[in-house]
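Working notes for the structure below.
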Amino acid sequence: MGIDLVAGGRNKKTKRTAPKSDDVYLKLLVKLYRFLVRRTKSNFNAVILKRLFMSKTNRPPISMRRLVKFMEGKEKNIAVIVGTVTDDKRIQEVPAMKVTALRFTETARARIVNAGGECLTFDQLALRAPLGENTVCFVFFMLNGTSCVNISLHFKLLCF
């Protein structure tokens, strides 16, 4: 018995095929987006599914200030964040925008709704835009710079 080098050799890379979390809502979303990936062949749904598998470290929160900054000029699109949207007191006025996220803080949700925007869940997004049309997907990885150092101090992660 050996390694079949013709067929690709040893596969040392691994990737998640399911979330580690026991969160029931997250598992339902994974089931929904697995179905969408299989049936629609959409790259957008595959990206969302991959990000749902990620650890909480790799799904950092995004502040309202960054969200407003990146959505400037894209008011008709839906912002998609696989993570949490948090409030930011440094920004005075929040424009009306549609945002999809796993979670919203209470104040962030209130400010978006009061501005005339919408806070959507991922199952609502699947009904509105099953192929990801008119959406802007955000990804922010925490593993860089000082954040990486702080995380690796606590959890002994290797950061490159």
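Multiplying the residue separation of LYS13 and VAL113 by 0.36 nm and subtracting their alpha-carbon distance yields 31.7 nm.
Of the residues GLY83, GLY73, GLY117, the one that moves most in a GNM of the chain with alpha-carbon contacts below 10 Å is GLY73. For region 60-137, the residue among VAL85, PHE122, THR135 whose Cα projects farthest onto the positive side of the dipole built from Cβ charges is VAL85. Could you work out the relative contact order of region 33-144? I mean the mean sequence separation of Cα pairs under 8 Å and 6+ apart, divided by the number of residues, in percent. Reported relative contact order: 30 percent. In this structure, the pairs whose alpha-carbon distance is over 29 Å, taken from LYS15/LYS69; LYS15/LYS89; LYS15/LYS74; LYS15/LYS98; LYS15/LYS41, are LYS15/LYS69; LYS15/LYS89; LYS15/LYS74; LYS15/LYS98. The lysines within cross-link reach of LYS13, meaning a Cα-to-Cα straight distance under 16 Å and a gap of 8 or more places when in the same chain, are LYS50.
Helix 24-40 and the longest principal axis of the Cα set of the chain meet at an angle near 80°. Within a straight-line Cα-Cα reach of under 19 Å, LYS31 can be paired with the following aspartates and glutamates, leaving aside sequence neighbours fewer than 8 residues apart in one chain: ASP22, ASP23, ASP123.
If you wrap the tightest convex hull around every Cα atom of the chain and split its volume per residue, you get 177 Å³.
Rounded to the nearest 20, the Cβ-based charge dipole of the chain about its Cα centre (Lys and Arg +1, Asp and Glu -1) stands at 580 debye.
Residue by residue, region 121-134 carries 3J(HN,Hα) couplings of 9, 6, 6, 5, 5, 4, 6, 6, 9, x, 9, x, 6, 6 Hz when phi is fed to the Karplus relation 6.51 cos²θ - 1.76 cosθ + 1.60 (θ = phi - 60°); x denotes Gly or Pro.
None of the figures in this text is laboratory data; all of them are computed from the coordinates on show. Just so it is clear, the model here is predicted, and its values are computed rather than measured. Positions of Cβ are generated from backbone atoms using ideal geometry, with glycine treated the same way; all protein chains shown enter the neighbour counts.
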